[in-house]
Every structure is written in C-alpha cells, then in structure tokens.
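> Sharing a structure, written as structure tokens. Questions coming.
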Ligand code: ZN
C-alpha cells in the first residue's frame, strides 16, 4: 500500500513522541540513531514491534505520555504469562469511538436502532468499544455483556433489538435457541455486527437465516484501540479500514519482507495518531491480504480481506502448510455437515497426523461420509487426514470464542 504524505507526517510525529517518552520503542529508535523517516522505504526499514515487547513493558512501560494524560487502561486477554496493558488518553478514547461510529454507519446502523451488545465489558476492549461507538452514533445501546441467554432473548423481544453485536459462535447459539423455541416472529433484528473470530460462509448463512439479519465482520485488536478499526460493507467483500488512524502493511511472516497488495501474509499495523500507546509496525500475527482496487460500495477506505488464520496457527502436516480456514472450506462442500468442527493435530509413530471431527444429521452412513471428506482434503490440500463423524450437537457450542484447533504434538 502506497504511504501518503499525510501518513508519513503522522509517522514522524509518532517517532518524536516515542523518542521523547523513552518507552521501549523510543529507546530502540535512539539506539539505532533514527529520529525520523523521509520516505516509505525509510519507514519499511523501521524495526517491527511485537506482543512480547509489550509484555516486557508490563505494567505501564509502554506509555508514551505523562501520567496525567492517561484516562483509562485496557488489557489483552492473554491466557498465559504476563498480560499486556494498553494506556489510553482522552483523545485515544474519543478516536476509538469515532472509528467505531464509522463502523456502525458502514453497516447501515442509524440513531433509531436498538443495539444489543453481547461482548464482554471490562479490562478487554470489546463491550466498551461497541458501547462508545453506539452512543456516539445516537443509537440506543443495550449493554447486556456476555452469557445469560434467557435474559438476552427476553430483552431482544421486549425491547425489540434491531442490531446484535456478538461473536459468531454466540450469534449461532442464539439463532439455534430462537428456532428451538419458535420465537422467530417475536425477533426484530435486522443487522449483526460480528467480531473476533474466523467463521465460514456456511455459519454466516445459518446465522443470517436463523436471525433474519445481514451480518458485518468487524476487525480490531486490543493493542490497536480494540475492535472497530475496520468493518465489511454491504458488498461483503473485505473489510474497509480507517487509514487516517492506522497504516497497514502485509508482510511475509517468515522473512519480514513487505508484500505487494493482493498477496497474503501477516498484517502489520502502525498507529498514526495514538497518544497513550503508539505502535510502529506492530505484528498482529493475523493472516490476510489487502484487496487491490476500489470497492463497489464507493467508499475510498482501503480493504483487508477476511482473516484466514494466525501466523502461529499455520500447521505443517506431512510437509504441507495448512490453515484451519482451508479445512473449513473443504467441509463447507458437504451440505450434510453442520458448521461445527474440531481439528486435532498429534504426533504418532514419528509423523504428524490430523484428525478432523465433524457433525452430521445422520442422513448418510458415517464411515462413507468420513471417507469422502478425507478424499476431498487429500485432493484439495494434499494430505489425508483421519476423519471422525459424530452426531449433530456432540461438539461443544460456546458463548465465547470456540476453540477449533487442538495441537497435541508438544504435550
Ligand atoms: Zn465497500
């Protein structure tokens, strides 16, 4: 992506701020003798920053402003090790809300909508971001938070919620509950803002049909504001991101080389105006690509394609690089399978093997179906997995992110 002059100016302001603050990246720049960049080539030589850098700066070593400017912190939900703390100034909080409001507008949400927010509130950035953007737009926020499906369904009916904000797995759970209880006629949803998970076309279809909504993918990460830095439009082909707040590069995760638009690699983000915790060339480990050209919707904001995986969940099975998304795409070829699946990778008798668990409605012999799925994976991806077919409803549903890939090789 060509870096514009105004973006380069912003980068230089960020570099000044970092040098002044002497935070981890400021010290790194100083050691390298860098006090600014004069071109995109210069910029692309700046060192990357990583989640580990932020962990090492725990608790507040990442801050790039004086204490009195910090009005809030968020923390990313690391399951192991030291958490990451991100400090926000008042301007950062406002800038995030501005971006989130744009997301709602891109999805066609208006100030007469009633927005049921099911992501969690608290240390991590989800719920409060959905809330701030909603209030800024002037819509009615219904701040449910996660779980308590009974109350979610009751409020959805009694308040006539028109927009659902949730993970894809929780949206699916709600859709299944609504069907089970025959509540379809009492639900008034029209839009779904769905974040923070990979999900396939089949699952989207089930959610859209089950809830009677059109869905939009929202993108973001705690280290860079939170959700709301990008969202898909009505065209449903990629997510527009706000390039006046962030600059995105796609790199080869192995070599760090910047890839041309259109090629798939790791998303690297530079914040252009963030004060509390500016980040230069932050490696997200999310795998996607920049979609070249302009969107048919008319928006000038550039687009990221759907996230296909994490650079760390790239699996190498029998010499073949595989992302879970590829397996999911094969499974979607079988209408008799549900949208739920699990992938287990283990090391048996000197080699890596993959077991895939899938669910079916029972219209076909389980063994025959397993054979067909294995054959399709072999012909499309290049290795033969073990496929286990189970009955519909056996695989766990989750109110949070569903864990679908289990790497058992190093236990
Ligand atoms: Zn568009």
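Every number here is computed from the coordinates shown, using simple stated rules; none is lab data. These figures come from a predicted structure and were not determined experimentally. Positions of Cβ are backbone-derived with ideal geometry, glycine not excepted, and every protein chain shown enters the neighbour counts.
> Return the whole-Å distance between the Cα centroid of the range 4-44 and the Cα centroid of the range 204-235.
33
> Next up: Using alpha carbons only, how many degrees (0 to 90, rounded to 10) separate the axis of helix 366-380 from the longest principal axis of the chain?
Once rounded, the angle reads 40 degrees.
> Between residue 332 and residue 390, what is the label-point separation in nm under the 7 Å Cα-to-beta-carbon projection?
Reported label-point gap for residue 390 and residue 332 is 2.3 nm.
> Ok, one more. When the label point is put 7 Å from the Cα of residue 252 along its Cα-to-beta-carbon vector, which residues of the range 1-42 have a backbone N closer than 18 Å?
1, by backbone N distance to the label point.
> Going by alpha carbons, how many degrees (0 to 90, nearest 10) lie between the helix axis of 201-211 and the longest principal axis of the chain?
Roughly 80 degrees, rounded to the nearest 10.
> Give me D for the chain in µm² s⁻¹, whole number, from Stokes-Einstein with Rh from the Kirkwood sum over alpha-carbon pairs, 25 °C and 0.890 mPa s. Could the numbers behind the result be given before it?
Details: Rh = 22.7 Å.
This corresponds to a translational diffusion coefficient of 108 µm²/s.
> For the residue pair residue 296 and residue 90, what label-to-label distance in nm results when each label sits 7 Å from Cα along the Cα-to-beta-carbon direction?
4.5
> Considering only DSSP beta bridges with both partners in the range 65-163, what is the antiparallel share in %, to the nearest 5? Kindly include the intermediate steps, with their values, before the conclusion.
Numbers: 6 of 10 bridges.
Bridges in the range 65-163 that DSSP calls antiparallel: roughly 60 percent.
> So which residue, out of 281, 310, 351, gets the largest mean-square fluctuation from a GNM of the chain using Cα contacts under 10 Å as springs?
351
> Where in the range 192-232 is the amide nitrogen less than 19 Å from a point lying 7 Å along the Cα-to-Cβ axis of residue 185?
The answer is 210-213, whose backbone nitrogens lie closer than 19 Å to the label point.
> Still on this structure, I have one more. Which residue, 295, 233, 103, tops the fluctuation ranking in a GNM of the chain built on C-alpha contacts under 10 Å?
Highest fluctuation among the options: 295.
> Please figure out what share of the DSSP beta bridges in the range 140-278 is antiparallel and state it in percent, rounded to the nearest 5. Don't skip to the answer; put the middle values down first.
Details: 14 of 24 bridges.
Bridges in the range 140-278 are about 60 percent antiparallel.
> Would any residue of the range 207-227 have its amide N under 19 Å from a label point 7 Å out along Cα→Cβ of residue 56? List them or say none.
Backbone N within reach: 223.
> Follow-up question, since we're still on this one. Would you calculate, for the chain, the mean residue ellipticity at 222 nm contributed by helices, counting each DSSP H stretch of 4 or more residues as -39,500 (n - 2.57) and dividing by all residues, to the nearest 500?
Numbers: 11 runs with 122 residues, N = 411.
My calculation for the chain gives -9000 deg cm²/dmol from helical runs alone.
> Now for a separate question. Pull up the DSSP beta bridges for the chain and report the antiparallel fraction as a percent, rounded to 5. Numbers along the way, then the final one.
Details: 42 of 68 bridges.
Restricted to the chain, the bridges split so that about 60 percent are antiparallel.
> With angles folded into 0 to 90 degrees, how steeply does helix 90-106 sit against the dominant principal axis of the chain? Use alpha carbons for both and round to 10.
The angle comes out at about 40 degrees.
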